[in-house]
Structures are given as structure tokens and as C-alpha cells.
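Asker: Okay, here's the structure, questions in a sec.
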């Protein structure tokens, strides 16, 4: 099974690459959203899944990438690529400055500390004239969904390859050691502060690029959408649903939940959010380790697997 996963992932990536040539405009637009969400979940997985630090502040880096790209293109008429670089630099700087103090906290204290970051950044950018204040910024129109789709797919592939490297590297082993027992990891020679801050900075790169791509694609940016706290909740849910601390779990979880939400919203829009939440609750109860654990079990999966999960987690 393990030998087939990587070749299968390559085939899926190649199949996704040709979607703009054969799919409808609606399918391509759905694909852009799904690919960007998968990248966000995968980038959250770097610190949240491997390091065990549940962050609710990753959407801050998404907002910084969004505004970095938007300000560069609208106020200074710079190319899209330059705007992405500026957004990444802003996000990396923010991750380093924020990570050094708050990553000294652990468990729920760290999660609570990250909750206020979105509100603080939203208030700051709402009062910045260069960022359009509360009105926002309108980016140049680019009618090329195929280009944005390929950019989103390429970003997801690079992010997943990075996570694959982390899972097989000494650096990744250090993050897992921190997740399991941070004090014991320190005794073994792992510089916990350096490992955690570097993981947050690495995650901020992919998150910021995703924000920049979405900003140019949607052509409009405002503080409420750039620093949307619910976006971070979706990152966490999709990663946990797929399997935190795995290579392909967050990607699978993102695709599945994006499809489920799209179907529910199209069929029964008034109850879509309620039913979507119900699906997530069922998944957490019966599959607390995510879809990746179900796939890993292969033929061994049966009704006893789900009952055991309920008993082990006292649900």
C-alpha cells in the first residue's frame, strides 16, 4: 500500500493539471478554491500536525500575503510576481516576530494567544490608508482562470513535497518529538524554540502565496475577508479530518470537505452549514485520527474500528 501511494499521488496531480482543458468554467473555479484550501490545510499541518501546536493565527499570514500582493499591484503598479514576494516577506517577518514570544506558551494557552491575532491585524489594516482602510483595494482584472488554477495546483504540489521532506527528515523527527514530549525533546538536543519558529515561518510562506493568488483572482481585498478567522477554523478542520501529521491526509480532507460543502450548498443552501457541521462531528467521533488512518488500515477496517475509536477517545 505504501509503495502505491506516491505513484498514485503523481497520477492524481497529472490528472488535475489537465482539468482546465476538459472541465467547465464552474469546475475550474471550484478547483481553484479547493486547491488553495488544501494548501492552507497542508501548511497548517507543518506546525499543527507535526509539531502539535494548534494555531488559530495562520490566517494572519494569509491576510499579510493578500495585502502585500494587493498593495504592490494597486498602489505601486508592480507585477504580480513581485507582489507575491512582498507578501511572503511580510508574512515571514510577522511569523518570526509573533512566533518568538507566543510559541513559548503551550497547549490551550498557545491556542488562545493566537485567537486575538486576526482581530488585531484587522484593526490595523482597517486604519491604514495605503491598504484602502475599511473600503479595501481593487486589483487589476485578469480573466484567466486556467492560469490561477495551475498556480494553485503548483503551490499545493510544492507544499506537499515540502511536507513529504519534513516527514522523512531529522527536522520532522524533531517536530514530532516536540509534539510527543517537548521537555524530553529538549533533553535529546532538540532546540524547541528554533524548531517551532522555523515551522511557523515555513508555514507562513505557503499561506501567504495562497493569499496572494486568491487576491489577484478575486480582484478585491478588504480587512474582513483577508483576516477572516473562520478561514483558520477551516484549515484546522480539514487537516484534522484528513489526518494531522501525515503527508496526504490534509489534502484528501480538504478535497472531500470542499466537495461535500459544495454539494450541500447547491442542493439545500439554507441548511448547508448545519449539515456540513454534522458531517464533521460524525467524522471526529468515528475517525478521530482522520481519513489517513482509515486508508492506512486498508482491509482491516470494519465496524469494530469505529467502535474502538469511540471507546479509546471516550466519546
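Asker: Which of (1) part of a helix (DSSP H, G or I); (2) buried (at least 20 other Cβ atoms within 10 Å of the Cβ); (3) touching a residue at least 60 places away in the same chain (Cβ under 8 Å) does residue 245 not meet, given it meets every other one?
Answerer: (1) is the only condition that residue 245 fails.
Asker: Need a quick list: helices (runs of 4 or more DSSP H) entirely within region 143-187 having at least 2 residues that are within 24 Å of residue 5 (Cβ to Cβ) and in contact with a strand residue (DSSP E or B) (Cβ under 6 Å, 6 or more places away or on another chain). Steps first, please.
Answerer: Numbers: elements: 145-168, 170-180, 182-187.
Of the helices (runs of 4 or more DSSP H) lying wholly inside region 143-187, none has at least 2 residues that are within 24 Å of residue 5 (Cβ to Cβ) and in contact with a strand residue (DSSP E or B) (Cβ under 6 Å, 6 or more places away or on another chain).
Asker: Still on this model: Take residue 10 and tell me if it is part of a helix (DSSP H, G or I), under 25 Å from residue 121 (Cβ atoms) and without any contact (Cβ under 8 Å) to a residue 12 or more places away in the chain. Quick ask: steps written out before the conclusion?
Answerer: Working: part of a helix (DSSP H, G or I): yes; under 25 Å from residue 121 (Cβ atoms): no; without any contact (Cβ under 8 Å) to a residue 12 or more places away in the chain: yes.
Spelling it out, it is not the case that residue 10 is part of a helix (DSSP H, G or I), under 25 Å from residue 121 (Cβ atoms) and without any contact (Cβ under 8 Å) to a residue 12 or more places away in the chain.
Asker: Something else about it: Just one of the numbered conditions (1) modelled with pLDDT under 90; (2) in a helix (DSSP H, G or I) is not true of residue 196; which one?
Answerer: Going through (1) modelled with pLDDT under 90; (2) in a helix (DSSP H, G or I) one by one, residue 196 breaks only (1).
Asker: Could you tell me which of the residues 105, 155, 97, 139 is free of Cβ contacts under 8 Å to residues at least 12 places away in the same chain and surrounded by 13 or more Cβ atoms within 10 Å (Cβ to Cβ)? Spell out how you get there, then give the answer.
Answerer: Details: 155 fails: free of Cβ contacts under 8 Å to residues at least 12 places away in the same chain; 97 fails: surrounded by 13 or more Cβ atoms within 10 Å (Cβ to Cβ); 139 fails: free of Cβ contacts under 8 Å to residues at least 12 places away in the same chain.
Going through 105, 155, 97, 139 in turn, just one is free of Cβ contacts under 8 Å to residues at least 12 places away in the same chain and surrounded by 13 or more Cβ atoms within 10 Å (Cβ to Cβ): 105.
Residue-wise test of (1) under 12 Å from the mean Cα position of the chain (by Cα); (2) in a loop (DSSP other than H, G, I, E, B).
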{"site": "15", "(1), (2)": "no, no"}
{"site": "37", "(1), (2)": "yes, no"}
{"site": "43", "(1), (2)": "yes, no"}
{"site": "52", "(1), (2)": "no, yes"}
{"site": "61", "(1), (2)": "yes, no"}
{"site": "69", "(1), (2)": "no, no"}
{"site": "81", "(1), (2)": "no, no"}
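Asker: Can you confirm whether region 207-230 contains a residue that is surrounded by fewer than 19 Cβ atoms within 10 Å (Cβ to Cβ), assigned to a loop (DSSP other than H, G, I, E, B) and within 16 Å of the chain's Cα centre (by Cα)?
Answerer: Looking through region 207-230, at least one residue is surrounded by fewer than 19 Cβ atoms within 10 Å (Cβ to Cβ), assigned to a loop (DSSP other than H, G, I, E, B) and within 16 Å of the chain's Cα centre (by Cα).
Asker: State yes or no: is residue 43 closer than 15 Å to residue 208 by Cβ, modelled with pLDDT under 95 and crowded, with 20+ Cβ neighbours inside 10 Å? Talk me through it step by step, then tell me what you get.
Answerer: On the way: closer than 15 Å to residue 208 by Cβ: yes; modelled with pLDDT under 95: no; crowded, with 20+ Cβ neighbours inside 10 Å: yes.
So residue 43 does not fit the description; no.
The values are calculated or read from the model by the stated rules, or taken from the named source; none is laboratory data. Bear in mind that the values here come from a model prediction, so they are computed numbers and not experimental data. Positions of Cβ are backbone-derived with ideal geometry, glycine not excepted, and every protein chain shown enters the neighbour counts.
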